[in-house]
1. Where does the chain land at 222 nm, in deg cm²/dmol rounded to the nearest 500, when only DSSP H runs of n ≥ 4 count, each adding -39500 (n - 2.57), divided by all residues?
2. Say each of residue 278 and residue 429 gets a label point 7 Å from the Cα, pointing the same way as Cα to Cβ; how far apart are those two points in nm?
3. What is the chain's relative contact order, in percent, from Cα pairs under 8 angstrom and six or more apart in sequence?
4. Please work out whether the stretch 1-59 counts as rounded, prolate or oblate from its C-alpha gyration tensor, where a ≥ b ≥ c are the square roots of the eigenvalues and a/c under 1.5 means rounded, while otherwise a/b larger than b/c means prolate and anything else oblate?
5. Which whole-number percent is the relative contact order of the stretch 269-396 (Cα, under 8 Å, 6+ apart)?
6. Quick one: if you stick a label point 7 Å off each Cα along the C-beta vector at residue 492 and residue 509, how many nm between them?
7. Sort the following peptides by mean Cβ neighbour count (other Cβ atoms within 10 Å, averaged over residues), highest first: 451-458, 373-380.
8. So which of 187/435; 110/182; 48/211; 2/244 end up more than 30 Å apart, counting from Cα to Cα?
Amino acid sequence: MKTDTLKKSLLDYAIKGSLTAKFRRENAGLNAFNELEIYNDKIKEKRKDLEKELKKCEKEFKLEKDKEQKALFKSQIQILKKELIKCKEITPLNSTEAPFTIPNSWAWVKLGDICEIISGTSYSKDDLSDEGIRILRGGNINKNSHNIDLFADDVIIKQDLTNKEKQILKNDILMIASTGSKEIIGKSAFSDVALENTQIGAFLRIIRISKEQNAKYIFHNLISQIFATHIKSCAGGTNILNIKNEYIENFLIPLPPLCEQQEIVKKLDLLVTLANDFAITKENLKRIEKRIEKRIEKSLLKLALEGSLSKLYRRSSPTLCAFDEISTYNEAIKEKCKDLEKELKKCEKEFKLEKDKEQKALFKSQIQILKKEIVKCKEITPLNSTEAPFTIPNSWAWVKLGDICEIISGEIIDLQEENLPLLDVKYLRSKGDKKLANSGNFANVNDRLILMDGENSGEIFITKEKGFLGSTLKKLEFSSLSQVEFMDFMLLCYKDFFKGNKKGAAIPHLDRKLFTNLLIPLPPLCEQEHIVQTLDTLFTLKKGLD
């Protein structure tokens, strides 16, 4: 189970009472309805006292003649009226209105009955300052950790815009109430401490929970999937989504007795900490696994490269020898070269004698093609064992990579009517959009492409479809002495070597000379095929162990 899924499940269990079943059995006398009744009685008494005090102030205000004293009474009257508004009795809701089943000792209440919602501070460019009040915005609410993040570039406004009511107090819940993102709307953070000289911006809300409830428990309700679904269904706006206060106020909270709220918070804090520790451990294990995988991969490739993977095969096929195959190949190359030179002489002779311009142009084109083919007719000279980087079987030969693998641009084709994908690095890695072109250097299915420029120069790609080469890619063409899949593994062995030996500081690129002159071990063709089959099997087994 993913850590985020685990946390969501824990929250779900908590707000449905599953985490504290044992606590309720041990504390059977606790009941949220009784606590609400006591709370309501206190509220009634408080309201009576405030109304009595208000009447007294209003009477004295009317009789007072002194302007300063009159102003004080007026201020006092406003404060008393605000306090009276806060004196709300809590009416538990009927079970028929309940979104889900909760323990009998819990009550369903509206969030608005147990909290005060405070709007943010509006300011203009003229209010900005180097010193003063920090303004928190949506970016300060960490949607993953649900903490408040403070940044060096946070907005600071003038001190004279201080509003004590909008200051961040301990146990305040901050919520994003206006944003363009459905993923962020309603996201909350909990303030463990009071933040001096810090207020919220206009797009946030402070949800200040009454002291009779555990603010952290209510916060856990507000980061649950149930609240996220509620807010997403309510939030309106075409471009900017907005949460009206009534959406928050009308959200139903499953309210346990206060002691059980505290028990839930304690358990959740412990379990969430364990889940986070587990996530960190899991990530560390993944990194270790990747390192082990790479080491296994490198070890297998090294064994293949040195001939250790095919010892038994050589014993069963003692007559196979790379030197014999190279000798046969060279003889065929000599014959091919003779035929091409003969054909070239014939074309050059006909070119000189030809009078027709079109025919002359055809001969010229043919001559150029033949010359290119002759250049490719390179015999392979196995290298002396004294030049060898490491020991290989006697039936293998050391050759230069450039002798059996050539970097080419590919044939230029203009399809005119038909479009094919542009095979750039992003597209080949499935990270970029599909771009189409109707001309360029053509690549066929299963062609091997090599990255020439950039940080990962030397990386090999196998094409899954026809297309045109991106600007940083070239094609690889292999001689008949090498099996393509064997060369895939061979080039994978040297991937880090090419990457670590790039040329160019500003724009690093593959060192072609280094590539061409690299010494590689060449087994006989049939043994190459056997090595490929063995590596395929071992790599498949390795994946099965992941």
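1. It comes out at -15000 deg cm²/dmol, rounded to the nearest 500.
2. In this crude spin-label approximation the distance works out to 3.3 nm.
3. Relative contact order comes out at 12 percent.
4. Judged from the Cα gyration tensor, the stretch 1-59 comes out oblate (a/c at least 1.5, b/c at or above a/b).
5. On the way: 48 pairs, mean separation 42.8, N = 128.
Taking the mean separation of contacting Cα pairs over the length of the stretch 269-396, I get 33 percent.
6. Calculated label separation equals 2.9 nm.
7. Details: 451-458: 17.8, 373-380: 14.8.
Result, highest mean Cβ count within 10 Å first: 451-458, 373-380.
8. Among 187/435; 110/182; 48/211; 2/244, the Cα-Cα distance tops 30 Å for 187/435; 2/244.
Bear in mind that the values in this text are calculations on the coordinates, not laboratory data. Computed from a predicted structure; not experimentally measured. Glycine also receives a Cβ, built like all others from the backbone with ideal geometry; neighbour counts cover every protein chain displayed.
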